[in-house]
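Since the structure comes first, as structure tokens, the remarks are kept for the end.
Just so it is clear, none of the values below were taken in a lab; they were calculated from the coordinates. It should be emphasised that the depicted structure is a prediction, and the values quoted were computed from it without experimental measurement. Virtual Cβ from ideal backbone geometry, glycine too; neighbours counted across all protein chains shown.
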């Protein structure tokens with residue numbers, strides 16, 4: 001038996017055309033420890049945009065009912081050779097109601113329950129999900145639970161990573177994001193010092209209102225002074241950047257080294273012996289990352305992704321993180337949305353251009369009513 | 001009692017003037033486990049240039065007998081605030097004869113011996129050095145022993161780092177250097193696959209003649225093809241780059257990811273799960289390091305410096321490395337020099353411009369006759 005529904009597919013072809021469309025599809029019955037979820041809400045996260053839009057030319061795309069076709073420029077086209085011609089589902093996470101289950105008791109136990117899940121095809125009327133990865137939402141709504149995985153686990157993952165590496169302070173760029181606000185609350189709860197980098201005064205005010213002690217504004221003339229002051233106050237030689245392109249990481253390394261060097265008693269041609277570490281976990285800016293030669297050799301820059309982190313952290317840590325998310329879903333881990341869209345509505349020019357801009361506090365929620 | 005001699009000093013002042021000069025100075029008697037070495041030879045390594053010349057404007061400097069004064073441009077001036085006004089000695093390593101020693105028996109045992117040492121003021125008629133860091137040269141000349149530390153220990157350090165991180169293949173950029181040739185010989189001896197990146201056909205020929213199996217030429221039109229082929233053949237997802245500025249690291253990460261992605265059975269929006277790691281250990285190019293967003297998040301870029309590496313590796317490993325250097329000083333670890341200069345001669349415009357260019361195979365040896 002199969003269930004019929006609608007789902008969004010993204011297809012990139014060798015000639016550089018990205019086609020994203022809503023299509024009728026069938027969902028097979030869940031087996032083993034799988035469940036079939038009737039989806040009720042799914043957020044559009046920056047991490048979904050890689051497949052959904054990438055760096056394609058959305059301004060000049062062709063839009064029709066439930067479909068757009070856009071050009072993918074180089075070097076982004078060549079960089080995605082591996083997906084040429086494949087019709088890929090989109091949407092990391094969402095929430096809905098379990099309407100069928102495989103024979104495994106863990107799956108059977110979820111029938112009729114509302115769950116958050118991470119199916120990879122969340123922009124769909126239905127999803128097959130692993131029962132072990134489903135988070136039963138109890139009395140919470142699907143809207144409340146739709147973003148229970150990516151942002152909460154990432155924010156908690158940053159704090160876990162800091163602790164694993166012996167750090168008690170974190171620098172976070174683009175810190176006014178939904179994720180950034182969660183990180184701020186977690187750090188306040190766990191006694192981790194957080195240096196928040198934002199680019200607007202209203203974001204300074206927002207984070208300060210949420211209890212942030214160190215907020216620095218990259219648009220201010222004295223940004224580097226502010227950053228050095230915050231690093232000096234917190235010993236934050238460790239941070240996370242979702243921007244990727246440009247000089248955010250460079251500014252952090254530079255400020256870290258200047259603070260560390262100012263505390264040295266003797267000059268060293270190689271700079272301070274203070275290790276400095278930054279992680280890039282997103283690409284809000286598709287431009288290249290620029291690292292200037294102004295902070296010696298005592299630094300490490302690395303990519304950070306949730307899935308490899310969770311694999312490394314181990315099941316016990318992951319379970320502890322999930323429990324914390326569920327217990328604080330409407331407080332620390334609450335998400336808010338600018339707008340709700342159906343599957344077809346989400347592929348209109350107006351919507352696509354708006355959510356691809358990834359403005360702070362303007363997240364979209366997909367409500368796949370079919 | 002003190003000994004009188006001549007030494008080179010480098011002074012950077014807040015107004016952006018770099019003064020490098022030969023000056024009369026006195027050397028105090030060695031105490032404890034120290035020895036006084038009458039210096040006979042000291043190489044000018046890229047790592048010495050940071051203090052000796054940095055990014056200063058040597059073309060338009062004022063040159064006089066045993067002295068030059070050059071302008072230091074931004075951002076390099078601000079980056080060296082810590083040394084403003086300090087009269088710093090220069091020259092990491094060299095070799096000479098021990099003419100006095102402190103009371104410790106390890107120091108006393110070296111009297112009259114020719115040793116390689118790492119005093120930090122090697123461009124000098126005399127140096128105070130720690131006996132434990134001196135390598136007795138036996139029948140080797142000072143010229144043969146002058147470069148016994150920096151390049152040999154760095155090349156061995158790369159192989160030790162690879163082994164510590166479970167790697168059996170290394171990519172090396174600017175691979176035709178003195179250091180690169182040592183690394184090639186070590187890798188051949190130890191059964192480590194080495195991918196050599198060079199930029200001239202004559203360097204390809206040179207390394208191939210020394211037994212290199214994988215040499216790729218960045219000036220060739222099919223450079224990226226060559227690089228992917230070599231990575232595919234060796235599984236080298238790990239490398240060292242002394243250039244720093246520009247896109248060398250970026251090309252390596254890109255080629256690594258393309259090879260890894262071509263072996264994947266299923267497309268992932270996040271790229272391959274192959275970890276990729278590069279170290280920058282020099283700044284032959286003072287320009288910024290450029291990292292494009294074309295190889296996902298599974299990469300790490302880090303600075304690499306000899307001293308922190310040796311501290312981390314521990315005394316036993318360091319002693320083993322030193323023994324290997326001494327046993328192979330005229331073969332694997334031999335250095336060659338383009339020209340020998342005295343202390344004053346080394347500060348002439350002709351010499352300074354020549355060695356600051358850091359051309360492959362054109363290393364200078366300082367012979368401080370006073």
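For the reader, a short list of remarks on this structure follows.
- Averaged over A:46-57, number of beta-carbon atoms from partner chains that fall within 10 Å: 1
- The two copies B and A are related by a rotation, and the chain B beta carbon nearest its axis, with distance in whole angstrom, is B:301, 2.
- For residue B:202, label point 7 Å along C-beta direction: distances to other copies, nm: 6.3
- Over chain A: helical MRE at 222 nm, DSSP H runs n ≥ 4 each giving -39500 (n - 2.57), nearest 500: -8500 deg cm²/dmol
- Most to least packed among A:174-186, A:329-341 [average Cβ atoms within 10 Å]: A:174-186, A:329-341
- Column: log10 I(q)/I(0), Debye, Cα scatterers of the stretch A:81-144, q = 0.29 Å⁻¹: -1.31
- Cα-derived Rg to Rh of the stretch B:303-369, Kirkwood definition: 1.10
- With the label put 7 angstrom out from Cα along the Cα-to-Cβ vector, residue B:266 ends up 5.6 nm from the copy partners, going from closest to farthest.
- Per-peptide average of other Cβ atoms within 10 Å, ordering A:119-131, B:57-69, A:242-254 highest first: A:119-131, A:242-254, B:57-69
- Inter-copy label distances for residue B:2: 9.2 nm (label point placed 7 Å from Cα along Cα→Cβ; shortest first).
- At 1.567 mPa s and 4 °C, Stokes diffusion of the protein assembly as shown via Kirkwood alpha-carbon radius, µm² per second: 45
- Cα-derived Rg over Rh, computed across the stretch A:1-78 with Rh taken as Kirkwood radius: 1.06
- Label-point separation, residue B:14 to residue B:331 (7 Å along Cα→Cβ), nm: 5.7
- Gaussian network model of chain B, Cα within-10 Å springs - most flexible of B:297, B:267, B:27: B:267
- Mean separation of Cα contacts under 8 Å (6+ apart) over length of chain A, as relative contact order %: 18
- Annotation: extensible slack from residue B:26 through residue B:353 equals 114.8 nm (criterion: 0.36 nm per residue apart, minus Cα-Cα distance).
- For the stretch B:199-330, the direction-averaged projected area of the alpha-carbon convex hull comes to 10.4 nm².
- Cα long-axis angle, helix B:150-164 against chain B (0 to 90 degrees, to the nearest 10): 40
- Shielding of B:302-311 by partner chains, average beta-carbon count, 10 Å: 4
- Among beta bridges from DSSP that stay inside chain A, the antiparallel ones total about 60%.
- Degrees between helix A:223-234 axis and first principal axis of chain A (Cα, 0 to 90, nearest 10): 90
- Diffusion coefficient, µm² s⁻¹, Stokes-Einstein with Kirkwood Rh over alpha-carbon pairs of chain B at 37 °C and 0.692 mPa s: 150
- Of all DSSP beta bridges confined to the stretch B:166-222, the antiparallel ones make up roughly 0%.
- Degrees, to the nearest 10: B:248-262 long Cα axis against longest axis of chain B: 30
- Highest-first arrangement of B:3-9, A:32-38, A:145-151, where packing means the average Cβ count within 10 Å: A:145-151, A:32-38, B:3-9
- Estimated inter-spin distance, residue B:340 and residue B:265, nm [label 7 Å along Cα→Cβ]: 6.5
- The stretch B:1-46: Cα Rg divided by the 2.2 N^0.38 Å rule of thumb: 1.50
- Among B:320, B:83, B:199, residue whose mean-square fluctuation peaks in a GNM of chain B (springs only between Cα atoms under 10 Å): B:320
- Kirkwood Rh in Å, taken over the stretch A:297-336 so that all alpha-carbon pairs contribute: 12.3
- Shielding by partners, peptide B:283-290 (average Cβ within 10 angstrom, other chains): 4
- The Cα-based radius of gyration and maximum Cα-Cα distance (Dmax) for the stretch B:130-277 are 17.1, 61 Å.
- Three principal axis lengths of the stretch A:216-268 [C-alpha, angstrom, descending]: 35, 20, 17
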